[in-house]
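Student: One structure follows; several queries about it will come next.
Where a number appears in this text, it was derived from the coordinates with a stated rule and is not lab data. None of these values were measured; they are calculated from a predicted model. Cβ placement follows ideal geometry from the backbone for every residue including glycine, while neighbour counts extend to all protein chains displayed.
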Amino acid sequence: MSQMNLLQAINNALITAMKQDDKVVCFGEDVGHFGGVFRATSNLQESFGRARCFNTPLTEQGIIGFANGLASQGHKAVAEIQFSDYIFPAFDQIVNETAKFRYRSGNEFNVGGLTIRTPYGGGIRGGHYHSQSPEAYFAHTPGLKVVVPRNPHQAKGLLLASIRDDNPVLFFEPKRLYRASVGNVPEEDYELPIGVAEIVREGRDCTVLAWGAQMEVASKAAERAAKEGIECEVIDLRTILPWDVDTVIASVKKTGRLVVTHEAPLTSGFGAEIAATVQEQAFLHLEAPVSRVCGLDVPYPLSHEAEYMPDETKVFEAIHTTMNY
Amino acid sequence: MSKSIHKPGFVLGDALDIPTFKVLKQDGTLYKGAQEPEFDKEMALKLYDDLVFIRVLDERMVGAQRQGRIPFYLASLGEEAASVGSAGALKPQDMIFAQYREQGALRHRGFTVDQFMDQCFSNDRDLGKGRQMPIHYGSKALNYNTISSPLGTQIPQAAGYAYGQKLDGLDACTICYFGEGAASEGDFHAGLNMAAVLKCPTIFLCRNNGYAISTPSAEQFSGDGVASRGIGYGIATLRVDGNDLLAVYAATAAARAYALEHNAPVLIEAMSYRLGAHSTSDDPTGYRSKDEEAQWAKKDPILRYKHWLTQKDWWSDEQEKTLYAEHRANILAAMKAAEKRPVPTIDHLITDVYDEPTPHLRQQLKQLKAHMRKYPEQYPKTSGRLDA
Ligand SMILES: Cc1ncc(C[n+]2csc(CCOP(=O)(O)OP(=O)(O)O)c2C)c(N)n1
Ligand SMILES: [Mg+2]
């Protein structure tokens, strides 16, 4: 075990993957010698050479198109998109190509070796284009897996699993926590399961569901509620697609209540999918409507960032309202 | 009709040999055969004023970011002549689509020191209503389209805007600035091709400053810079020394005349160097040498232009001192004033999403306000003005 922040854990996972399998290749804007604008790929080029870790020209559609080709040829392509706000030039390559490579060819070809890493989320005074949480766009695309870690330990285990998973994975990294989240991370190789949620706090009164950076907010709100005697069960979804319906439903059946929270705007956010599934599968167990605490339906703001964010007080209030329904 | 050959013979990637247009030497004298620009003394001094203003502004704002007064800044140190010189050759009715390092063009158009500050401090006077990070300026009145961070997106937009100007029969064109890094985006290729095919009076001005954050241009492209691509799209192309204000001015003036006469785009590649960090989030010591920076510091575009002014007897040391002192004082005063102003009221969280806030958005705002009344200390910037 050693203490690492989230960036160091990601860097450590990449080194582990590249050492263990020489088919792993990392690339993206500024990821080479410089080690990426956040330094997640520090020292990879020095350790593994320019052929396996390199700068690309500044073109996201090029990066993912290239990655699709490389993965279909049999390599494990780990492509970085510098900010998830800049993933959209690659939307066509991801949605129409990555996601359908296997299906459309009858499994003659696939890009299962592809992993796309990208920082997401707000709270860094980054305005519209350095703050968005675009996971729901991709969750609407069968063929992709979408993974979001909440801390360094999770990041290493989930990233290693993502790189080795035989399906294309979008790996969203909570950049607000890159340096802020520090924890013990095993030095050795390990994987955490994709498609499996984790109950991080047990409770009988109300389920609170989140992922990534929002887990910190959800946990703080649960602590606040605990001071008033409300015992929340806090679940980290970890994988958005395919998501762990069973764990969530089992918890809701126990608590009878669900608060889902994410930074992305409310309308058509992934919380909507969860709410729909929960009312379908646990309708008679619900003591209150499923509550969503999300960003407002506006572009991510700058000077009103604090007001926009689904912060601890908003999640706490939602827990309260749900309890007193 | 292409001529026939009967053995495979490649035209190699380096077949073109695109020259660089230069007027001013670093000592302020003209190259042999080069011509003086067509502007008078008043214009010459206005351009110098723009250059100095931007240099002082950039220096102060980088400092303000370090002090934590603004979250971000991005300087144009070393590249001021490319944006000021090109903007100087345009007409006020010409539309500007910038990338983000063209504050010189905006200043030339007349953006005031207060307007710069209001945007950087996201206050209630910011034309963009405090919604974007510092340096994302825009002004309808000055024909300066608001900056968007996603790179390259403005390039096809500039083609479309110019097409509209052409349809309306205006004596106006569009200039589009972008970096040599952004020129790798798909939007660059789409935009230049559309402008060429649809005959749009667009001046594409690439600032080739050697780097895209840490990525040197040698890792960005293999061909002869960005200029060679213009020719592939059938676009009139010129490479110019971007640290030479007189050359940039003359190049842009010629490009404007060409674009409007032929209803066709022009590509200018201005060769320069980003002397400072990419932005306040960057530290260039991780990817380039001090020695390289020092070589380029010797080619300072502002100093070069000043030498020319001095030799024409249009400028003195005395004036120089006054000008810097004046700009410093004005910028400091404006900064203090901008910093004191509040951010826009929370009502503006939902304006401009659509032409009118939808009922659904009004409902969300109402809920938010109710929450803010309960927890006013959580939202100190706006909770005191909920009914304003
Ligand atoms: C679509 C997109 N991808 C990535 C980025 C992140 N980014 C911001 S500036 C920059 C480098 C741009 O370099 P260049 O176009 O040469 O302009 P310069 O900064 O040198 O003026 C990058 C990669 C972005 N803003 N937009
Ligand atoms: Mg550049």
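Student: So how long is each side of the range A:198-323 along the principal axes, counting just the alpha-carbon atoms, biggest first, in Å?
Tutor: Cα spread of the range A:198-323 along its principal axes, largest to smallest: 41, 33, 23 Å.
Student: How far apart, in nm, are two points set 7 Å out from the Cα along the Cα-to-Cβ line at residue A:204 and at residue B:25?
Tutor: Modelled inter-label distance: 9.1 nm.
Student: Aspartates and glutamates within cross-link reach of residue B:299: Cα-Cα under 18 Å, excluding same-chain residues under 8 positions apart?
Tutor: Straight-distance partners of residue B:299: B:27, B:79, B:80, B:241, B:244, B:269, B:291.
Student: Strictly over 22 Å apart at the Cα level, which of A:19/A:100; B:41/B:306; A:156/A:314; B:25/B:298; B:41/B:321; B:41/B:91 would you flag in this model?
Tutor: A:19/A:100; A:156/A:314
Student: Now for a separate question. Highest GNM mean-square fluctuation, chain B, Cα pairs closer than 10 Å: which of B:69, B:304, B:256?
Tutor: Result: B:69 has the largest fluctuation of those listed.
Student: Also: Between the DSSP loop rule and a limit of at most 12 other Cβ atoms within 10 Å, which GluC sites (Glu not before Pro) in the range B:1-82 are left?
Tutor: Taking the range B:1-82 and a limit of 12 other Cβ atoms within 10 Å, the loop GluC sites (Glu not before Pro) found are B:38.
Student: Can you classify chain A as rounded, prolate or oblate using the Cα gyration tensor, where a ≥ b ≥ c are the square roots of its eigenvalues, rounded means a/c under 1.5, and otherwise it's prolate if a/b beats b/c and oblate if not?
Tutor: Cα axes put chain A in the prolate bin.
Student: Here's a follow-up. Across peptide A:58-65, what mean number of C-beta atoms from other chains lies inside 10 Å of a residue's C-beta?
Tutor: 5
Student: Quick check: pseudo-label points 7 Å beyond the Cα along Cα→Cβ at residue B:222 and residue A:2, how many nm apart are they?
Tutor: 3.9 nm
Student: Label the protein assembly as shown by shape, choosing from rounded, prolate and oblate, from the square roots a ≥ b ≥ c of the eigenvalues of the Cα gyration tensor; if a/c is under 1.5 it is rounded, and otherwise prolate applies when a/b is larger than b/c, oblate when it is not.
Tutor: In terms of gyration-tensor shape, prolate.
Student: What full-extension length gain, to one decimal in nm, is calculated for residue B:38 and residue B:356 as 0.36 nm per residue of separation minus the Cα-Cα distance?
Tutor: On the way: separation 318, 0.36 × 318 = 114.48 nm, distance 4.78 nm.
Stretched fully, the residue B:38-residue B:356 segment lengthens by 109.7 nm.
Student: Excluding residue B:338 itself, what net charge comes from residues whose Cβ is under 14 Å from its Cβ, given Lys and Arg +1 and Asp and Glu -1?
Tutor: Once all neighbours under 14 Å are counted, the net charge is +1.
Student: Mind checking the range A:32-120 for GluC sites (Glu not before Pro) that DSSP puts in a loop (not H, G, I, E or B) and that have at most 15 other Cβ atoms within 10 Å? Intermediate results must be reported in sequence, preceding the final value.
Tutor: Working: sites: A:46, A:60, A:80, A:97, A:108; in loops: A:108.
Sites meeting the loop and neighbour criteria: A:108.
Student: So which chymotrypsin sites (Phe, Trp or Tyr not before Pro) in the range A:29-126 pass both tests, a DSSP loop state and at most 16 other Cβ atoms within 10 Å of the Cβ? Mind showing how you got there, number by number?
Tutor: Values: sites: A:34, A:38, A:48, A:54, A:66, A:83, A:86, A:91, A:101, A:103, A:109, A:120; in loops: A:34, A:38, A:83, A:109.
Passing both the DSSP loop test and the Cβ count: A:109.
Student: When Lys and Arg each count +1 and Asp and Glu each count -1, what net charge do the other residues less than 13 Å away from residue A:294, Cβ to Cβ, add up to?
Tutor: For residues surrounding residue A:294, the net value is -3.
Student: Which percent, nearest 5, of DSSP beta bridges in the range A:198-323 are antiparallel?
Tutor: Just about 20 percent of them are antiparallel.
Student: Name the most mobile residue of B:21, B:72, B:39, meaning the one with the largest mean-square fluctuation, in a Gaussian network model of chain B with Cα contacts below 10 Å.
Tutor: Ranking B:21, B:72, B:39 by mean-square fluctuation puts B:39 first.
Student: Using a Gaussian network model on chain B with a 10 Å cutoff between Cα atoms, which of B:233, B:287, B:144 fluctuates the most?
Tutor: B:287
Student: Still on this structure: Which pairs break 25 Å Cα to Cα here: A:220/A:254; B:140/B:166; A:220/A:253; A:175/B:140; B:46/B:166?
Tutor: Exceeds cut-off: A:175/B:140; B:46/B:166.
Student: Counting DSSP beta bridges in the range B:153-251, what percent are antiparallel, to the nearest 5?
Tutor: Working: 2 of 8 bridges.
So the antiparallel bridges amount to about 25 percent of the total.
Student: For residue B:236, what residues show an amide H to amide H distance below 5 Å, using hydrogens built from the backbone and excluding near sequence neighbours?
Tutor: Amide H to amide H, under 5 Å and 5 or more residues apart or across chains, residue B:236 pairs with B:267.
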